[in-house]
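Single-structure report; data block below.
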Amino acid sequence: TYVVTDNCIKCKYTDCVEVCPVDCFYEGENMLVIHPDECIDCGVCEPECPADAIRPDTEPGTESWVGFNLKWSEAWPNITTKKDPLPEAEAFDGVEGKLEKHFS
Ligand code: SF4
Ligand code: F3S
């Protein structure tokens with residue numbers, strides 16, 4: 001599966017949702033997640049993310065993100081249409097420690 005990781009937080013560009021063939025993105029206040037059981041591993045969303053926040057779960061460091069994506073995809077609504085990024089997206093792109101400080 002692919003997972004959304006912390007650089008999505010406070011950015012939420014949403015380019016990813018437009019290309020997913022199985023519509024498996026879910027939307028929280030300030031980030032999206034992928035439902036790991038619905039993702040078919042096609043990989044087309046990865047290069048679409050301007051914040052480089054989408055990673056394959058085979059990549060080191062993504063272990064904790066699989067459970068995170070699963071948990072929140074079951075709580076949040078599905079999103080299939082692109083919308084404007086968050087107003088602070090550019091300022092927050094690449095900021096360290098967003099999960100600890102800015103996830104809500
Ligand atoms: Fe959707 Fe493919 Fe991205 Fe999985 S890898 S979330 S199926 S676009
Ligand atoms: Fe987030 Fe990137 Fe999608 S910032 S909303 S994963 S395009």
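No value in this document is a laboratory result; all are computed from the given coordinates. Note that this is a predicted model, so its numbers are computed, not measured. Heads up, the Cβs are rebuilt from the backbone with ideal geometry, glycines too, and the neighbour counts pull from every protein chain shown.
Within the option set Thr1, Thr62, being surrounded by 15 or more Cβ atoms within 10 Å (Cβ to Cβ) and more than 10 Å from ligand 1 (Cβ to nearest atom) holds for one residue only, Thr62.
Residues that are touching a Leu at 6+ places or on another chain (Cβ under 9 Å) and β-branched (Val, Ile, Thr) occur in segment 14-30; there is at least one.
Checking Pro50, Pro60 one by one, the residue that is more than 12 Å from ligand 2 (Cβ to nearest atom) and either outside any strand (DSSP E or B) or touching a residue at least 24 places away in the same chain (Cβ under 8 Å) (or both) is Pro60 and no other. Out of segment 19-41, which residues are near ligand 2 (Cβ under 9 Å from one of its atoms) and of a type outside the set (A, V, I, L, M)? Of everything in segment 19-41, those that are near ligand 2 (Cβ under 9 Å from one of its atoms) and of a type outside the set (A, V, I, L, M) turn out to be Phe25, Glu27. Considered as a group, the residues in segment 69-92 that are in a loop (DSSP other than H, G, I, E, B) and buried (at least 18 other Cβ atoms within 10 Å of the Cβ) include one that is nearest to ligand 1 (Cβ to nearest atom), and that residue is Ile79. Of the listed requirements (1) within 10 Å of ligand 1 (Cβ to nearest atom); (2) without any contact (Cβ under 8 Å) to a residue 12 or more places away in the chain, Phe25 misses just one: (2). Of all the listed residues (Val33, Val17, Val66), the sole one being assigned to a strand (DSSP E or B), in contact (Cβ under 8 Å) with a residue 40 or more places away in the chain and within 12 Å of the chain's Cα centre (by Cα) is Val33.
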